[in-house]
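The structure appears right after this line, and notes come after that.
The values are calculated or read from the model by the stated rules, or taken from the named source; none is laboratory data. Everything quoted here is computed from the prediction, not taken from an experiment. Please note: Cβ atoms are built from the backbone with ideal geometry, for glycine as well, and neighbour counts cover all protein chains shown. SASA here: full protein model, heavy atoms, side chains in, ligands and nucleic acids out. Shrake-Rupley method; radii C 1.70, N 1.55, O 1.52, S 1.80 Å.
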Amino acid sequence: MAQTQKRTQVAIIGGGPSGLLLSQLLNLAGVDTVILERTSRAHVLARIRAGVLESGTVDMLHAAGVADRLLAEGHSHAGCVFTDDDLMVRIDFAELTGKSVTVYGQTEVTQDLYAAQDALGTPILHEVADLVIHEPTSSAPYLTYTHDGQTARLDCDYVAGCDGFHGVSRQTIPVDRRTEFERVYPFGWLGILSRTRPAHDELIYANSASGFALASMRNANLSRYYVQVPLTDRVEDWSDEAFWDRLRACLPRDIRAALQTGPSIEKSIAPLRSFVCEPMRWGRLFLVGDAAHIVPPTGAKGLNLAVSDVFYLHQALISALKSGDTSGIDRYSDRALARIWQAMRFSWQLTNMLHRFDGEDSFAAQMRKASLMHLSQSETARRELAENYVGLPF
Ligand code: RFL
Ligand code: PHB
């Protein structure tokens, strides 16, 4: 059990990938941190989420000293496939950009980060409740919270709000001091995990008359699939059989024929949303990752954006704390947002290109088909997609 700390340099709210990676990089530079997480470690590690890491994300995990298992167990993908009914278009990342992505689950990244933080002895408090951020615009911010039935106070130099979309950090910025941009899509993704051989050796993003589907994976015997569902559907409405039937209907004939099915070992529905909060700083409080922005999962950008935020913020905090240079923290929000808006555009564009919208006219479906056809015919279009998918530079 972590001891109750009274003071730290950077108080980190949230023990998801953003909070853990930021803490790890700060600790390696000699900056001390305390992480406060609302749930248990088992709960954080049970959430099945992202699967695709950009090469910049992999480099950051290397820099943080947590890439050994990723190197051994992650799978490098030099391309992925977009389909429209039976038309299959391969995007060759390696040829078009010289880069690749790595398939390695967020759960594994998080587990590796917890192990590294434990090895450094970083205090991580779980099941923290009633967290309040006090005086973030003063030079002496502090947090109060309840832990193990006791009320506690933590003084700090800076606060990193890494507490996801439903956290307290963003809400601490007064409403008249933040602007929020949002697009809620009228569908969600029903996802399953199954111990089956993946449908293909690369990811398949499928557009079809039955809607969108994604065939992804974690390893040679663990598949991750998603199909588009109305927001009103509940997980209980979908038997495994119904899921496989829908998936088959969305995939091209050759892939469908070889699809291996089996019982699901996880099944959940995620709504799709684009969201940005500006600015990402309020005095000495900084928003990081999902606390400040959400992308629909179509472009596989959420976790990768959290990592680029951490890249900008860890440098800025180290300069401020080690040499009193606050120019980085002054620029943090603008630098992070510039990259975030590019990923927003890409995720929104792919979402529109691949999903069937309820009540749409026949023209909309033709536009999707034309987009896929353009992709198959134009190397420029494929390069533009590849460049964004593998990740824009930090
Ligand atoms: P997280 O992971 O939500 O972690 C925030 C943590 O903060 C805690 N918390 C609090 N702690 C203390 N006090 C409070 N008041 C608190 N309130 C909340 C929470 O318990 C939690 O542990 O945010 P973080 O760290 O910024 O990480 C972001 C990523 O998790 C997210 O962007 C990705 O999972 C998004 N995403 C994907 N991203 C990719 O880059 N590639 C992908 O392939 C990809 N696929 C996905 C995805 C997200 C999905 N869902 C379910 C939304 C696929 C799906 C289906
Ligand atoms: C996943 O494997 O969970 C995954 C992969 C790519 C995406 C979204 C999710 O775009």
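Shown here is the pair-distance distribution of the chain: with all Cα-Cα distances grouped in 10 Å bins from zero up to the longest one, the shares run 5, 23, 31, 24, 13, 4, 0 percent. When the alpha carbon gyration tensor of segment 1-113 is reduced to an equivalent ellipsoid, the three semi-axes, largest first, read 34, 16, 11 Å. The helix-based estimate of mean residue ellipticity at 222 nm for the chain, built from -39,500 (n - 2.57) per DSSP H run of four or more residues and divided by its residue count, is -12000 deg cm²/dmol to the nearest 500. Taking amide H positions as modeled 1.01 Å from N, with prolines and chain starts lacking one, the residues under 5 Å from G188 and 5 or more places away or on another chain are V229, L231. Once the gyration tensor of the Cα atoms in segment 1-59 is diagonalised, the equivalent ellipsoid follows with semi-axes of 23, 18, 7 Å, ordered largest first. Projected onto their three principal axes, the Cα atoms of segment 248-386 cover extents of 61, 39, 30 Å, largest first. Accessible surface for H134 stands near 50 Å², nearest 10, in the context of the full protein assembly shown (1.4 Å probe). Within the straight-line cut-off of under 20 Å between alpha carbons, the aspartates and glutamates reachable from K6 are D32, E37, D118, E127, D130, E135, D148, D155, D157, sequence neighbours fewer than 8 places apart in one chain being disregarded. Ligands, DNA and RNA excluded, the heavy atoms of T137 present near 90 Å² of accessible surface to a 1.4 Å solvent probe. Remark: spin-label model distance L392-T146 equals 4.4 nm, labels positioned 7 Å along the Cα→Cβ axis. Would any residue of segment 270-295 have its amide N under 18 Å from a label point 7 Å out along Cα→Cβ of E180? List them or say none. Hits in segment 270-295 for E180 at 18 Å: 271-282, 286-295.
Using the alpha carbons of segment 79-235, what is the convex hull volume per residue in cubic angstrom, as a whole number? All intermediate terms of the calculation are to be shown ahead of the outcome.
Details: hull volume 36.8 nm³, N = 157.
It comes to 235 Å³ per residue, whole-number rounded.
Our summary gives segment 287-394 a relative contact order of 26 percent, counting only alpha carbon pairs under 8 angstrom and 6 or more residues apart.
Taking only the C-alpha atoms of segment 311-394, the Rg (one decimal) and the largest Cα-Cα distance, Dmax (whole number), read 19.2, 61 Å.
What the Cα atoms of segment 197-245 give is an Rg and a Dmax of 11.8, 33 Å. Largest GNM mean-square fluctuation among Q366, Q106, Q342, using the chain with Cα springs under 10 Å: Q366.
Report D for segment 127-220 in µm² per second (integer): Stokes-Einstein, Kirkwood Rh on Cα pairs, 10 °C, 1.306 mPa s. In µm²/s, the coefficient is 88. Specify which residue in the list F311, G16, A386 is farthest towards the positive end of the charge dipole of the chain, using unit charges on the beta carbon of Lys, Arg (+1) and Asp, Glu (-1), about the Cα centre. With unit charges placed on the Cβ atoms, the residue in question is F311.
Shape analysis of segment 166-276 places it in the prolate category; the axes a ≥ b ≥ c from the Cα gyration tensor give an a/c of at least 1.5, with a/b above b/c. Extents of segment 266-345, largest first, come to 48, 25, 19 Å (Cα atoms, principal axes, whole angstrom).
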